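S.K.: Below you'll find the structure I mean.
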Amino acid sequence: MAGAAARSRRDPAGIRLVAVTKTFPATAIREAYALGLREFGENYVQEFETKVPALADLTGTRYHLIGHLQSNKAGKAAELFEVVQTVDSPRLARRLGQSTRVIDVMLEVKLSTEQSKSGAAPEELPELIAAVRGCPALSLTGLMTVPPWQDDPEASRPCFRRLRELAQLHGLTGLSMGMSHDLEVAIEEGATCIRVGSALFGDRGKA
Ligand SMILES: *Cc1c(COP(=O)(O)O)cnc(C)c1O
C-alpha cells in the first residue's frame, strides 16, 4: 500500500484497508483487531451474524458488507453492517433505506460482461443514485467494483480507471476497488478503499 501510494504521489491516509474475513472465524477478526485493524469486510449476512456475538466487546469497528445482498436480507444487513458496498438496485436501496440508523452505502458497478450477475450497469447509475439520495437513512459514499478474475493484475486497470471516471462523472469520491492480487494497481488508479483477504489471512481454499 505504501509503495503504490508513493508511486502515485498519494497520501496513504486516504486509502482505507478493509480486512476481508469471509470463511474465517471470529478469532481471526479479534487477532486483526489486536494488531490495529478496525475495518472488516464480510460477504454473507448469515455468516457474519454467527460471528457477531463473539465480537460484541470490540469498539470502534466498522463492518462492511461486500457480497451481493438480497432485498429480503436488507433489514438484517442494516442492523449488522455500518457500510453496505454492494447496493445495485433502487429496490434494494429502498429496502435498506428503511433502516432506523444511518448507514454508509456504495454502489456496486458491473463493468464487463464476464463479471458476475451482481452490480448495476453504468447507465443505471443516475436512477440508482437518485433512489439512494431519496433515503435519509442512507449516506452515499462512492462506487465499488469487482473486476473479472485474471492472473495479471494489470488486466484490472481498465476497470479501475473506468470506475474512477464514473465516480467523477457523478460527483462521488469513494472508490472501493482492489483485492489481494491487484491492490497496487487499484491504488495507482485512485482507490480509497481496498478489500484484502488472502494477503492478510492466507488461502481460503477454493470452494
Ligand atoms: C473475497 C473478496 C475480497 C478479498 O479477496 P482476496 O483476493 O482474498 O484479497 C475482496 N472483495 C470481494 C468482493 C470479495 O468477495
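S.K.: Identify, by number, the condition in (1) surrounded by 13 or more Cβ atoms within 10 Å (Cβ to Cβ); (2) on the phi > 0 side of the Ramachandran plot that Arg9 doesn't meet.
M.R.: Tallying (1) surrounded by 13 or more Cβ atoms within 10 Å (Cβ to Cβ); (2) on the phi > 0 side of the Ramachandran plot, Arg9 fails exactly one: (1).
S.K.: Here is a further query. Of all residues in the stretch 75-90, which are in a helix (DSSP H, G or I), more than 16 Å from the ligand (Cβ to nearest atom) and touching a residue at least 24 places away in the same chain (Cβ under 8 Å)?
M.R.: Gly75, Lys76, Ala78, Leu80, Pro90, listed by residue number.
S.K.: Kindly evaluate Arg195 against the criterion of being within 11 Å of the ligand (Cβ to nearest atom), in contact (Cβ under 8 Å) with a residue 60 or more places away in the chain, surrounded by 18 or more Cβ atoms within 10 Å (Cβ to Cβ) and not acidic (Asp, Glu).
M.R.: yes
S.K.: So, one more: Can you name every residue in the stretch 24-58 that is of a type in the set (Val, Ile, Thr) and within 16 Å of the ligand (Cβ to nearest atom)?
M.R.: Selection gives Ile29, Val45.
S.K.: Follow-up. Provide a single number: the residues in the stretch 167-184 that are surrounded by 23 or more Cβ atoms within 10 Å (Cβ to Cβ) and farther than 21 Å from Pro122 by Cα.
M.R.: The number of residues fulfilling the criteria is 1.
S.K.: Quick check on the stretch 82-94. Is at least one of its residues of a type in the set (Asp, Glu) and more than 21 Å from Cys193 (Cα to Cα)?
M.R.: no
S.K.: Now for a different question. Would you list the helices (runs of 4 or more DSSP H) that sit entirely within the stretch 1-52 and hold 3 or more residues that are out of contact with any Leu (no Cβ under 7 Å at 6 or more places or on another chain) and closer than 21 Å to Arg204 by Cα?
M.R.: 26-34, 45-51
S.K.: Sort through Thr21, Thr61 and tell me the only one that's touching a Phe, Trp or Tyr at 6+ places or on another chain (Cβ under 9 Å), within 12 Å of the ligand (Cβ to nearest atom) and at pLDDT 95 or above.
M.R.: Sole residue among the options that is touching a Phe, Trp or Tyr at 6+ places or on another chain (Cβ under 9 Å), within 12 Å of the ligand (Cβ to nearest atom) and at pLDDT 95 or above: Thr21.
For every residue, the table says whether it meets (1) part of a loop (DSSP other than H, G, I, E, B); (2) modelled with pLDDT under 95; (3) within 13 Å of the ligand (Cβ to nearest atom).
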position	(1), (2), (3)
Leu166	no, no, no
Gly178	yes, no, yes
Ile187	no, no, no
Ala191	yes, no, yes
Leu200	no, no, yes
Asp203	yes, yes, yes
Ala207	yes, yes, yes
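S.K.: Could you say which residue among Leu35, Leu96 is among the aliphatic types (A, V, I, L, M), over 15 Å from Thr141 (Cβ atoms) and either modelled with pLDDT of 95 or more or over 16 Å from the mean Cα position of the chain (by Cα) (or both)?
M.R.: Testing whether each residue is among the aliphatic types (A, V, I, L, M), over 15 Å from Thr141 (Cβ atoms) and either modelled with pLDDT of 95 or more or over 16 Å from the mean Cα position of the chain (by Cα) (or both) leaves just Leu35.
S.K.: Follow-up question, since we're still on this one. Just the residues that are under 18 Å from Gly67 (Cβ atoms), aliphatic (A, V, I, L, M) and free of Cβ contacts under 8 Å to residues at least 60 places away in the same chain, please, taken from the stretch 1-35.
M.R.: The answer is Ala26, Ile29.
S.K.: Just one of Glu82, Glu108, Glu123 is loosely packed, with under 14 Cβ neighbours inside 10 Å, of a type in the set (D, E, K, R) and at pLDDT 95 or above; which is it?
M.R.: Of the residues listed, the single one that is loosely packed, with under 14 Cβ neighbours inside 10 Å, of a type in the set (D, E, K, R) and at pLDDT 95 or above is Glu123.
S.K.: If a residue has to be crowded, with 16+ Cβ neighbours inside 10 Å and either of a type outside the set (Gly, Ala, Ser) or without any contact (Cβ under 8 Å) to a residue 12 or more places away in the chain (or both) to count, how many in the stretch 56-67 make the cut?
M.R.: Here the count works out to 4.
S.K.: Answer yes or no as to whether Thr61 is under 20 Å from Gly202 (Cβ atoms), of a type outside the set (Lys, Arg) and in contact with a helix residue (DSSP H, G or I) (Cβ under 9 Å, 6 or more places away or on another chain).
M.R.: When the stated conditions are applied, Thr61 does not pass them.
The values are calculated or read from the model by the stated rules, or taken from the named source; none is laboratory data. Remember, it's a predicted structure, so these values are computed and weren't measured experimentally. Note: ideal-geometry Cβ built from the backbone for every residue, glycine included; neighbour counts use all protein chains shown.
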